[in-house]
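Written out below as structure tokens is the structure these notes cover.
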Amino acid sequence: MQFGVFAIGDISPDPTTGYTQSEAERISNLIAIGRRADEVGLDVVALGEHHNPPFVISSPPALLAHIAALTDRIILSTAVTLITTNDPVKIAEDYAMVQHVAKGRLDLMLGRGNTVPVYPWFGRDIRDGVAMSLENYNLLHRLWREDVVDWDGRFRTPLQGFTATPRPLDGVPPFVWHGSIRTPETAEQAAFYGNGFFANHILAPNFHFRPLVDLYRQRFAHYGHGAAEQAIVGLGGHSFIAKRSQDAIETYRPYFERHPFFRGTRLEDYLAATPATVGSPQEVIDKVMTFQEGFGDYQRQLFLVDSGGLPVELALEQVELLGAEVVPVLRKEMAARRKPGVPDAPTHESLVRAKYGDAEPRQPRPNPNRGDNLSGASPYQDSDPDVEARFPVAF
Amino acid sequence: MVGIPRPVTIVAVNAGVSDPSTTRLLADRVVQKAIDALRESGTPATVRTIDLAPLAADIARALVSGLPDPEVRAVIGQVAQADAVIAATPVYKAGISGLFKTFADLIDNDLLIAKPVVLAATGGSARHAMVVDDQLRPLFAFLRAIPVPTSLYVAPEDWGSADLGRRIDRAARELAVLLGTGAGRQIAESNWEGYQHQFGGNATAAARSFADVDFDTDLMRLATGGGSPPPARERGR
């Protein structure tokens with residue numbers, strides 16, 4: 001079971017002081033949160049892509065690559081990477097590059113994005129959002145698995161003889177989670193490919209996401225990847241922890257009750273009705289244990305701990321409390337209740353082992369430049385001779 | 001079909017705010033006449049009246065937070081379960097009550113598909129009589145409900161007129177006939193997939209598990225590696 005934090009890089013005034021972080025400060029603070037998460041032994045830090053203020057993470061791969069250089073063992077991930085408005089070719093290239101520099105400590109979560117103007121800003125039509133996300137992933141999946149791709153779809157220019165570089169580290173693509181809050185087609189796609197499925201598990205009633213998670217589990221089994229309870233499920237969560245329950249409530253109340261999302265909602269009502277957890281480490285542990293009961297054994301739990309104008313000192317304290325007091329207990333308790341045969345979330349190491357056993361992983365070496373900046377019909381020295389790149393011809 | 005008629009459930013949604021409220025009074029009169037008309041045709045009916053005023057703050061919060069609290073969710077569930085709806089609102093500032101519209105804004109687009117609805121409003125002057133047909137009727141058309149032909153608008157002087165009773169009776173009988181034929185239920189059931197739905201929505205027939213989901217669609221084929229469906233503008237919506 002993996003535990004970690006996710007951040008969407010929102011900037012808002014601290015309601016207790018009125019102070020608004022600059023973009024420079026927020027970016028530094030996100031890096032500090034990633035480093036601290038690594039230091040205290042969390043498994044994952046995930047950053048969410050946005051293309052408008054007051055959010056600062058327009059380019060998760062750039063930020064993740066930097067955090068990778070400053071950390072030792074934590075997995076870098078996204079929450080989410082936009083599979084609609086990004087070109088899947090660029091996703092394949094950018095994230096393969098981060099996977100290399102992070103020595104395999106990278107996976108990613110794909111989502112459609114719900115900020116309406118982003119679609120037209122990137123020349124897209126939001127009404128095609130579901131179809132676009134499905135088609136784009138179909139292409140991304142192939143780009144990471146086939147040296148030479150010919151492609152013809154609706155949402156990007158056709159590809160002929162295209163090779164996405166660099167090839168994934170050790171010939172093993174980053175593991176992909178598909179995030180969705182209401183789209184059965186997304187759950188179906190995750191199940192079809194045997195990828196992970198992630199429910200954000202915030203801003204909704206308790207167990208609201210269970211039907212979609214169950215659909216994913218059933219279809220995962222339908223496609224022969226394993227039993228339904230072996231499907232790879234991740235959940236988000238929204239939490240604020242203090243040693244004493246009352247301190248957590250009192251400290252967090254202004255950050256919650258003055259946030260535009262929650263205007264007028266009492267924190268206590270929200271905590272009772274949704275998966276959000278604000279309280280002592282034990283209270284957070286108790287609530288998260290109900291997730292395992294409700295959703296079945298799952299593989300990844302991410303907490304949102306730095307949103308809504310929280311100063312970085314408090315956010316770092318959250319990461320420390322998770323690492324020191326909450327996650328160690330959750331690891332033990334969840335493992336004790338886990339059904340036998342439920343796998344962990346795939347990691348680069350486990351995927352390499354599954355693909356190669358004790359053999360050496362593939363290390364592609366390109367064929368030489370033939371004078372036109374291309375390597376000819378066969379891109380790599382070990383490329384399958386049956387697969388030849390046929391480049392577009394200009395007349 | 002021969003046999004004991006299945007009981008029908010009518011839900012009256014009242015956006016009046018006073019106590020007693022003339023809007024509630026109008027809703028109650030429609031309810032009573034509808035029960036009478038259904039009883040004549042041998043159809044037992046149960047009625048639930050929802051007063052929105054006590055939930056006004058919860059409804060407003062649900063609109064801005066996107067998260068209805070348990071009370072509001074319960075009320076949406078009751079409307080979803082209804083076979084027919086009586087919609088009753090005061091007219092304020094030349095329009096339907098913001099409370100009524102806010103509640104309508106919270107319900108799923110497919111919650112009322114083909115359900116018979118009586119449209120009723122009260123106002124301080126006969127000059128607002130067209131509000132029902134100009135505002136409530138398009139709202140329920142959007143929701144693809146079946147408003148009965150007779151709209152009810154009640155100005156103060158109407159409470160002293162026998163015509164009001166006759167119009168209420170007429171609207172109630174129209175509702176009873178629509179309910180008796182089962183036309184709405186047949187429309188919804190015969191073409192449920194033809195309307196847009198949300199997985200896990202509040203509509204009684206909403207898909208809630210993989211067994212309810214149609215995997216034989218263009219998008220599902222695309223999800224599993226197949227080609228893209230044609231652009232949205234070329235699909236019949």
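Observations on the structure shown:
- Estimated distance in nm for a label pair at residue A:245 and residue A:227, the labels positioned 7 Å out from Cα along Cα-to-Cβ: 3.6
- Chain A - mean residue ellipticity at 222 nm from DSSP helices (-39,500 (n - 2.57) per run, n ≥ 4, rounded to 500): -11500 deg cm²/dmol
- Listed residue (B:63, A:180, A:218) projecting farthest to the positive dipole end of the protein assembly as shown, Cβ model: B:63
- With the alpha-carbon atoms of the stretch A:2-356 aligned to their principal axes, the span from lowest to highest coordinate is 61, 47, 39 Å, starting with the largest.
- Residue-normalised convex hull volume from the C-alpha trace of the protein assembly as shown: 198 Å³ per residue.
- Computed [θ] at 222 nm, deg cm²/dmol, chain B (DSSP H ≥ 4; -39,500 (n - 2.57); rounded to nearest 500): -11500 deg cm²/dmol
- Members of the stretch B:159-203 that become less accessible by 40 Å² or more once partner protein chains are added (1.4 angstrom probe, chain alone as reference): B:199
- The stretch B:8-189 shape via C-alpha gyration tensor axes, a/c threshold 1.5: oblate
- A Förster radius of 45 Å combined with the Cβ-Cβ distance from residue A:386 to residue B:192 puts the calculated FRET efficiency at roughly 0.40.
- Taken residue by residue and averaged, Cβ atoms of other chains lying within 10 Å of the Cβ of B:209-215 number 6.
- Just the protein heavy atoms count here, and of the accessible area of the stretch A:2-356 at 1.4 Å, carbon and sulfur take up 54 percent.
- Dipole magnitude (debye, nearest 20) for the stretch B:8-189, charges at Cβ of Lys, Arg, Asp, Glu: 220
- In the stretch A:51-127, the convex hull through the Cα atoms has an average projected area of 5.2 nm², a quarter of its surface area.
- Complex-versus-alone comparison for the stretch A:150-168, residues with a loss of 30 Å² or more in accessible area, probe 1.4 Å: A:154
- Percent accessible area from carbon and sulfur atoms, chain B, protein chains only, probe 1.4 Å: 53
- Principal-axis tilt of helix B:56-65 within chain B, Cα atoms, nearest 10 degrees: 20
- Counting Cβ atoms of other protein chains within 10 Å of each residue's Cβ and taking the mean over peptide A:191-199 gives 1.
- Relative contact order for the stretch B:8-189, counting Cα pairs under 8 Å that sit 6 or more residues apart, in percent: 25
- Taking every protein chain into account, the accessible area of chain A amounts to 42 square angstrom per residue (probe 1.4 Å).
- At R0 = 25 Å, FRET efficiency that the Cβ-Cβ distance of residue B:161 and residue B:130 yields, to 0.05: 0.85
- Sequence-separation-based contact order of the stretch A:2-356, relative, with Cα cut under 8 Å and 6+ spacing, percent: 19
- Full extension of the chain between residue A:374 and residue A:359 gives 2.4 nm of extra length, using 0.36 nm per residue less the Cα-Cα distance.
- Placing unit charges on the Cβ atoms of the charged side chains and taking the dipole of the stretch A:256-395 about its Cα centre, the candidate lying farthest along the positive direction among A:368, A:260, A:392 is A:392.
- Around the Cα centre of the stretch A:95-150, unit charges on the Cβ atoms of Lys, Arg, Asp and Glu (plus for the first two, minus for the last two) sum to a dipole of about 260 debye.
- Antiparallel DSSP beta bridges within the protein assembly as shown, percent to nearest 5: 10
- Only Lys, Arg, Asp and Glu carry charge here, each on its Cβ (+1 for the first two, -1 for the last two); on that basis the protein assembly as shown has a dipole of about 1080 debye about its Cα centre.
- Across the options B:184, B:130, B:27, the greatest Cα extent toward the positive end of the charge dipole of chain B (unit charges at beta carbon of Lys, Arg, Asp, Glu) belongs to B:130.
- The simple Förster model, with R0 at 25 Å and r as the Cβ-Cβ distance, assigns residue A:289 and residue A:350 a FRET efficiency of 0.45.
- Relative contact order for the stretch A:1-60: 47 percent, from Cα pairs under 8 Å spaced at least 6 residues apart, divided by residue count.
- Accessible surface buried once B binds A (1.4 Å probe; total of both sides; Å²): 2400
- 15 Å reach of a label modelled at residue B:183, 7 Å along Cα-to-Cβ, counting backbone N of the stretch B:109-145: B:114-118, B:145
- By DSSP, the beta bridges lying fully in the stretch A:2-356 are antiparallel in about 10 percent of cases.
- For the set A:287/A:339; B:93/B:115; B:33/B:115; A:103/A:332, the pairs lying more than 22 angstrom apart at their alpha carbons are B:93/B:115; A:103/A:332.
- Peptide A:261-267 shows a mean partner chain C-beta count of 4 within 10 Å per residue C-beta.
The values are calculated or read from the model by the stated rules, or taken from the named source; none is laboratory data. This structure is a prediction, so every number in the text was calculated from the model and none was measured. In this analysis, Cβ positions are derived from the backbone assuming ideal geometry, glycine residues included, and neighbour counts consider all displayed protein chains. What goes into the accessible areas is simple: the full protein's heavy atoms, side chains included, and nothing from ligands, DNA or RNA. Shrake-Rupley method; radii C 1.70, N 1.55, O 1.52, S 1.80 Å.
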